[in-house]
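Scroll down for the structure; my scribbles are underneath it.
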Amino acid sequence: MKIFPFFAALVSLLAFTAAAQVSITISLDQDQFLPSETIPVTVRVTNRSGQMIHLGDQPDWLTFSVESADGFIVSKNAEVPVLGAFNLGSMETATKRVDIQPYFGLSRPGLYRVTATLRIPGWNSEITSTQRPFDISSGAKIWSQVFGMPAASNAPPEVRKYILEKSNYLRSQLRLYAVVTDEAEGRIIKVTPVGPTVSFSQPQAQLDRLNNLHILYQSGAKSFLYSIVNPNGMLVDQEIYDYADSRPRLTLDDSGNIIVIGGVKRVLPQPVVVPDIKSPDELVPPKK
């Protein structure tokens, strides 16, 4: 009869040994998100086992769970796709980045916690990360505009809506978001963070002939952010203007194109182009 406690202790010991040899951590770029906003999670797996391990062959080698702090049951729509085989040598760290938002019901404001679980083939053990908390909070709608999406042949166009929302990020910084929904706002197509804003800013918003949304608003004491969002909710261009002799504002040129006049366009350094790295996204020795 005492064999069962022995096996229970053995399983616990194996799990502890695996966790000591291979560790998993998760992180988020920010702590607060709007409902349906992308939630990118970074997972780092560090191997100190003294041997190479093979990961990524099975769809459940890395899984995620999300729970609500107030006991609300978070629905899971599907498993987060993580397939992509790779070898992880001893004393190396692999990084995997995923967006968990489409796979969990996270439309309800509140505090949530995400956890990642690693399964290593042949080890018969699971290694679980610590919980990473994050907030889902609602924004305040300040502007909206209905527009049409061109349809094939002579079918009627799909009707969508642009919405601008302000959200108080962690009660310390206001942020502006561009949201694309269906006409009734029942289906959110995309939530895009545009940038920081000041409380007294009244954004200018105009649609061009292709139904791209042009946004100009005050983002700092003397700075203005000019952004273009396409009908699918993607941020396609962004510029910064500084207040000089006149305030920047949107207008139409002689050809009917939306342009910015006034202010001084800030010259930004050219970004460094980094080649894409497939799974694992990064493979580096762990810090000593």
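The values are calculated or read from the model by the stated rules, or taken from the named source; none is laboratory data. In this text the structure is predicted, and so the values were computed from the model without any measurement. Please note: Cβ atoms are built from the backbone with ideal geometry, for glycine as well, and neighbour counts cover all protein chains shown. Side chains included, ligands, DNA and RNA excluded: accessible areas come from the protein's heavy atoms. Shrake-Rupley method; radii C 1.70, N 1.55, O 1.52, S 1.80 Å.
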*asked:* Taking the condition of being farther than 21 Å from P102 by Cβ and either touching a residue at least 60 places away in the same chain (Cβ under 8 Å) or not small (G, A, S) (or both), how many residues in the stretch 150-161 meet it?
replied: 5
*Considering only the stretch 206-230, state which residues are within 24 Å of the chain's Cα centre (by Cα) and among the aliphatic types (A, V, I, L, M).*
L213, I215, L216, L225, I228, V229
*Given the residues A85, A78, A94, which is the only one that is in contact with an Asp or Glu (Cβ under 8 Å, 6 or more places away or on another chain) and loosely packed, with under 13 Cβ neighbours inside 10 Å?*
A85
*Give the stretch 123-161 a look and list any residue that's open to solvent by less than 70 Å² (accessible area, probe 1.4 Å), outside any loop (DSSP other than H, G, I, E, B) and in contact with a Lys or Arg (Cβ under 9 Å, 6 or more places away or on another chain), or say none.*
I127, R132, P133, F134, I136, A140, S144, V146, F147, G148, M149
_Return the residues of the stretch 162-200 that are outside any strand (DSSP E or B) and in contact (Cβ under 8 Å) with a residue 24 or more places away in the chain; say none if nothing qualifies._
L170, E183, E185, V198, S199
*Pick from L111, L106: which is assigned to a loop (DSSP other than H, G, I, E, B) and either within 30 Å of I215 (Cβ to Cβ) or open to solvent by 60 Å² or more (accessible area, probe 1.4 Å) (or both)?*
L106
*Which one of the conditions (1) surrounded by 12 or more Cβ atoms within 10 Å (Cβ to Cβ); (2) in a strand (DSSP E or B) does G220 fail to meet, given that it meets all the rest?*
(2)
*Qualifying positions in the stretch 252-269 - hydrophobic (A, V, I, L, M, F, W, C) and open to solvent by less than 90 Å² (accessible area, probe 1.4 Å)*: I258, I259, V260, I261, V264, L268
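For (1) assigned to a helix (DSSP H, G or I); (2) under 17 Å from S125 (Cα atoms); (3) modelled with pLDDT of 90 or more, each residue gets a yes or a no:
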position	(1), (2), (3)
A8	yes, yes, no
H54	no, yes, yes
D60	no, yes, yes
G84	no, no, yes
